[in-house]
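The values are calculated or read from the model by the stated rules, or taken from the named source; none is laboratory data. Since we're looking at a predicted model, the values are computed, not measured. Cβ coordinates were reconstructed from backbone atoms using ideal geometry, including for glycine residues, and neighbour counts include every protein chain displayed. Remember, those area values only see protein heavy atoms, side chains included, never the ligands or the DNA or RNA. Shrake-Rupley method; radii C 1.70, N 1.55, O 1.52, S 1.80 Å.
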Amino acid sequence: MLNGPYAMTKHAIEAYSDALRRELMFLGIPVSIIQPGPFRTDMVHGIRATFARARERSTHFAELTGKVAALAEGEQRRAHHPDVLARAVWKAATASRPRRRYSVRPDPRRVLMHRLPDVLLDPMLEAALRPR
């Protein structure tokens, strides 16, 4: 929720990586996608300030913005140490037969969300995030 531009960049990177893998396979160069999941970074601190400004300026989404900001902070508390990600990148880079995708400590709730059909997921998200 409220992360459209961020989600677009992640989808673009994945699509580009798929295309690059299919082009470079003819040269024997493997391309792997690292799907990191939540990791501890300073990104949430910037998000907190951005959400606070957005909430102050919003006429329609102030309450939703507050709820999404709290979710983002909760993600940070559940996030993994960056060393886990570094080990996964090292494994992919040094593998004799690297996999196409490496899912690094995925969040089970997010995995479930991506597997649910939109007709089920959208009403669930609406119920959970609708302003009271």
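If you take the residues in the range 10-56 that are open to solvent by less than 70 Å² (accessible area, probe 1.4 Å) and of a type in the set (S, T, Y), which one is farthest from K67 (Cα to Cα)? The extreme case among them is S32. Flag: A92 does not match the condition of being of a type outside the set (V, I, T) and over 29 Å from S17 (Cβ atoms). When the range 59-91 is filtered for residues that are of a type in the set (S, T, N, Q) and loosely packed, with under 14 Cβ neighbours inside 10 Å, only T59 remains.
Consider the range 92-110 and keep the residues that are within 21 Å of the chain's Cα centre (by Cα) and surrounded by 13 or more Cβ atoms within 10 Å (Cβ to Cβ). The one that is farthest from G74 (Cα to Cα) is A92. The combined condition, being without any contact (Cβ under 8 Å) to a residue 12 or more places away in the chain and part of a helix (DSSP H, G or I), is fulfilled by D122. Pairs linking a residue in the range 22-44 that is under 30 Å from R109 (Cβ atoms) to a residue that is part of a loop (DSSP other than H, G, I, E, B) and small (G, A, S), with Cβ atoms under 6 Å and 6 or more positions apart or on different chains, are P38/A79; F39/A79; R40/A79. Of all residue pairs spaced 6 or more apart or on separate chains, those with beta-carbon atoms under 9 Å, a first member in the range 86-114 that is touching a residue at least 60 places away in the same chain (Cβ under 8 Å) and farther than 18 Å from I13 by Cβ and a second member that is charged (D, E, K, R) and assigned to a helix (DSSP H, G or I) are D107/E75; D107/R78.
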